[in-house]
1. My understanding is that a pair violates if its Cα-Cα distance is over 23 Å; which of Lys68/Lys114; Lys53/Lys114; Lys74/Lys114; Lys68/Lys113; Lys48/Lys113; Lys50/Lys74 do that in this structure?
2. Can you give the accessible area of Val45, probe radius 1.4 Å, in Å² rounded to 10?
3. For the range 127-134, just list the computed ³J(HN,Hα) in residue order, Karplus coefficients 6.51, -1.76 and 1.60, θ = phi - 60°, integers in Hz, with x standing in for Gly and Pro.
4. Rounded to the nearest 10 degrees, what's the angle between the helix 5-18 long axis and the longest principal axis of the chain, both from Cα atoms, 0 to 90?
5. Which whole-angstrom value gives the distance between the alpha carbon centres of the range 105-147 and the range 38-66?
6. Pop out the ³J(HN,Hα) list for the range 54-66 in order, Karplus 6.51 cos²θ - 1.76 cosθ + 1.60 with θ = phi - 60°, rounded to Hz; leave Gly and Pro as x.
7. In terms of the Cα gyration tensor, with a ≥ b ≥ c the square roots of its eigenvalues, is the range 55-138 rounded because a/c is under 1.5, prolate because a/b exceeds b/c, or oblate?
8. Which value at 222 nm does the chain reach when only helices count, each DSSP H run of 4 or more adding -39,500 (n - 2.57), with the total divided by all residues and rounded to the nearest 500 deg cm²/dmol?
Amino acid sequence: PAMSSNAQSSVYWDYELNRGLRLTAIGGSQTGSPKVEMGQPLTYVYAKEKSLKGILDGIRYGRTYISKGIDGPKIDWVADILDDGTIDASIGSVVPIDEDTSYFCRIRNAKGKKLQIVLNGSPIASRNIDSDDYGFTYIEHPEATVVYRLRVVGEPEDRTKGFGITETLAMTSPIYA
């Protein structure tokens, strides 16, 4: 009862990811209530082409992230597996086990918030976002099958809405190892 429905949904989603399901993060607004504005949250889709097929393929391949709204945080997250300076993987992709993989993330529109790197549903690192165009690089060496994702969190604007002490402002679909 102390968790918002969004937080409960996130715990359940992590549980299913850890069981091996490959699930895409999608979110949308509930228009049945005048208290909820359209586009809060919304889903961004990385698509090869700007078409219905391209967008549906992007969703199918898990190349998505959710943000709290049009003015919410924007996330770019890619990986270099071969250490050759090129992008080998992105959100929704698979990286090999027992290989160093360099990750590059860019967070926009989230100054003063926190970036969390999440492993199998639990944060393994947290960084303060100190600019509206924040970049962060890190290396991971998975030794087993794992699920990585990113989320941006902050204090809720209105604690009376039941979000607890932190609110997820944006989160990605996983990169799998």
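1. Pairs exceeding the cut-off: Lys53/Lys114; Lys48/Lys113.
2. Here the accessible area works out near 50 Å².
3. Coupling constants for the range 127-134: 10, 6, 8, 9, 8, 7, 9, 9 Hz.
4. 20
5. First find each Cα centre; the distance between them is then 21 Å.
6. Each residue of the range 54-66 in turn: x, 5, 5, 4, x, 5, 4, 8, x, 8, 9, 8, 10 Hz.
7. Numbers: a/c = 1.70, a/b = 1.25, b/c = 1.36.
In terms of gyration-tensor shape, oblate.
8. That calculation yields -4000 deg cm²/dmol at 222 nm.
The values are calculated or read from the model by the stated rules, or taken from the named source; none is laboratory data. As the structure is a computational prediction, the values presented were derived from the model and not from experiment. Side chains are part of the model used for accessible areas, which takes the heavy atoms of the whole protein and leaves out ligands, DNA and RNA. Shrake-Rupley method; radii C 1.70, N 1.55, O 1.52, S 1.80 Å.
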